[in-house]
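The values are calculated or read from the model by the stated rules, or taken from the named source; none is laboratory data. All values derive from a computational prediction rather than experimental measurement. As a convention, Cβ positions derive from the backbone with ideal geometry for all residues, glycine included, and neighbour counts pool all protein chains shown. Side chains are part of the model used for accessible areas, which takes the heavy atoms of the whole protein and leaves out ligands, DNA and RNA. Shrake-Rupley method; radii C 1.70, N 1.55, O 1.52, S 1.80 Å.
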Amino acid sequence: MSYKGILILDFGSQFTQLIARRIREMKVYCEIHPCTEPFQPDWQYDGIILSGGPASVLGDTAPVVDPRWLSTEIPTLGVCYGMQLLAQHTGAVLERGQKREYGQSTLQLSGEHLFTRGLPTASIAWMSHGDHVEEAGEQWSVLGRSDTGVIALMTHKLHPWVTVQFHPEVAHTQYGEHLLQNFVLGMCQSPQTWTMGHFITEQVSALQAKIGSDHVICGLSGGVDSSVTAALLQKAIGPRLHCIFVDNGLLRQGEREAVEQEFFELDLTVVDASTQFLTALDGITDPEQKRKTIGRVFIEVFEREANRLSKRHGEIQWLAQGTLYPDVIESLSFRGPSATIKSHHNVGGLPENMNFVLIEPLRELFKDEVRALGLELGLSHQRVFRHPFPGPGLAVRMLGPITAERLSLLRRADQIFIEEIHNFGWYDKIWQAGVVFLPVKSVGVMGDDRTYEWTVALRAVHSKDGMTADVVRLPWELLERVSTRIINEIEGINRVAYDVSHKPPATIEWE
Ligand code: XMP
């Protein structure tokens, strides 16, 4: 750990990231490591949290921690599985639950401790466990029980260890945040220095020390992550950062110009490779084939430009990438790589066979921290809060063959949709929105004329991470306005549909 803060040892709970979020909201740094992490005597941290997890402490293959983590007299909080593990470590009696206690319960407190300071004697706590501590033993003070009499909170008499059977990190636990604050700020006395201003100062000097007088290449897509990566690196190394923006001909209306305008101070190479992409995509209708083609051409274009830059500035060994903390956690996960990793996300990503050393200055940050950082670095609100847009661009929103003419129709329809979403004040309430071109012609009537033209579908979803999504219930007036404008203003489209499917079973993009 490079900063002082809280070390979270993860036993695989679905809430572990939430613990980290809560702590960072207190402006305290924290890191998640798998519970299998061997003890690191050099790491700087003020407290340890042992997370919950799906396993049973009583099972044969129960995960444990390196016992040296518990030999330091550093304050330690055990949550659910973490509590049971600490209890077991000290000889307490655990019992396998006959049935799981799941959901809301009342936490009844007795006794006093810095950890429970300021809490009322009764409050709502959210439980999710099978096993529980049946007899705490001499070493522990039991300070709280649940509705059913289960030991819900206990503190160690000799070591600075505190434990909860419920989940303080979830919003349903009434005083959960308060308890976490008592632990982090009270018991661990962690400094509240984790601000984006502080992060910039630290990262800029770390990047300068690492990069020295070298040059760095960065693929800028215009998305939040690559934009913030570029802005941060520019602050650190100025003109020795060289950004490459690939116009693949599958971008939204005005996207390339907006990037050129916003990043005018950067050494930005804008490559117009649209002809190369469209030629390669000619006649392809299979979605996977489209993605593969786009990925391949992207690598070709990127390599060519990177080589050109290398010739001009001497061999460039560094490549900057906007990897975020959830990806890092995912790859380190004690559960192993989960099924949630999206294979298609390598489109527009790193050419694997290129000999670069990666620089990933955002790898400690969550998405909302990246946004805060972007604003702090002076990026526009529009850039920082824009909806996600897929690497293969409009290609995955165009069913059937991709042609320049159809792209032009789609681009204009998309522009109208997004414009009206802004006009109605809905942009920030939606996670992602766009238009899909359907190679379906239908009959319509305009004035006295019969039309026989294409169809588009509007798509707008709420989501947290793109893995699941709910359709947005857009106001009818907005949908009508968009439909009227698209049909009136774009010759070639005479029908507009709204996609009302959730993910799953549908996906966000149509291809
Ligand atoms: P799906 O269609 O899988 O999309 O429900 C989930 C999220 O991922 C985005 N997406 C991509 N992003 N490269 C990307 O960078 C891709 O190849 C890609 N495919 C889908 C999609 O826009 C949505 O936000």
Could you count how many residues in region 468-511 are hydrophobic (A, V, I, L, M, F, W, C), within 16 Å of the ligand (Cβ to nearest atom) and in contact with a strand residue (DSSP E or B) (Cβ under 8 Å, 6 or more places away or on another chain)? 6
Looking only at region 52-61, count every residue that is among the hydrophobic types (A, V, I, L, M, F, W, C), closer than 10 Å to Y81 by Cα and open to solvent by 20 Å² or more (accessible area, probe 1.4 Å) and tell me the total. 1
Suppose we filter region 206-245 for residues that are free of Cβ contacts under 8 Å to residues at least 12 places away in the same chain and farther than 14 Å from I359 by Cβ; how many remain? 1
Residue count, region 360-387, condition open to solvent by 50 Å² or more (accessible area, probe 1.4 Å) and either at negative phi or within 16 Å of the ligand (Cβ to nearest atom) (or both), comes to 9
Take residues that are under 28 Å from the mean Cα position of the chain (by Cα) and more than 22 Å from R412 (Cα to Cα) and tell me which of the helices (runs of 4 or more DSSP H) falling wholly in region 222-327 contain 2 or more. 224-237, 287-313
Search result, residues across region 392-411 that are more than 16 Å from the ligand (Cβ to nearest atom), among the aliphatic types (A, V, I, L, M) and open to solvent by 20 Å² or more (accessible area, probe 1.4 Å): A404
Regarding Y175, is this residue surrounded by fewer than 23 Cβ atoms within 10 Å (Cβ to Cβ), aromatic (F, W, Y) and at pLDDT below 95? no
Assuming Y427 fulfils every condition listed in (1) surrounded by fewer than 19 Cβ atoms within 10 Å (Cβ to Cβ); (2) away from the ligand (no atom under 16 Å from the Cβ); (3) at pLDDT 95 or above apart from one, which condition is it? (2)
Which of the residues spanning region 452-467 are away from the ligand (no atom under 11 Å from the Cβ), open to solvent by less than 80 Å² (accessible area, probe 1.4 Å) and among the hydroxyl-bearing types (S, T, Y)? T455
Being of a type in the set (A, V, I, L, M), more than 26 Å from the chain's Cα centre (by Cα) and over 19 Å from E511 (Cα atoms) is the requirement here; does I421 meet it? no
Can you confirm whether S442 is in contact with a strand residue (DSSP E or B) (Cβ under 8 Å, 6 or more places away or on another chain) and surrounded by fewer than 18 Cβ atoms within 10 Å (Cβ to Cβ)? yes
Residues being within 16 Å of the ligand (Cβ to nearest atom) and touching a strand residue (DSSP E or B) at 6+ places or on another chain (Cβ under 8 Å): count how many of those fall in region 260-300. 1
It is to be established whether one or more residues within region 215-225 are at pLDDT 95 or above, open to solvent by less than 30 Å² (accessible area, probe 1.4 Å) and touching a His at 6+ places or on another chain (Cβ under 6 Å). yes
Taking region 430-451 on its own, how many of its residues are within 15 Å of the ligand (Cβ to nearest atom) and over 19 Å from the mean Cα position of the chain (by Cα)? 3
If F417 passes every condition in (1) within 16 Å of the ligand (Cβ to nearest atom); (2) in contact with a Lys or Arg (Cβ under 8 Å, 6 or more places away or on another chain); (3) open to solvent by less than 20 Å² (accessible area, probe 1.4 Å) but one, which one does it miss? (2)
Which one is farthest from M127 (Cα to Cα) among residues in region 22-45 that are open to solvent by less than 20 Å² (accessible area, probe 1.4 Å) and assigned to a loop (DSSP other than H, G, I, E, B)? Y45
Exactly one condition in (1) open to solvent by less than 10 Å² (accessible area, probe 1.4 Å); (2) farther than 28 Å from K27 by Cα is not met by S110; state its number. (1)
Taking Q208 as the residue in question, decide whether it is within 30 Å of the chain's Cα centre (by Cα), under 30 Å from A122 (Cα atoms), open to solvent by 10 Å² or more (accessible area, probe 1.4 Å) and modelled with pLDDT of 95 or more. no
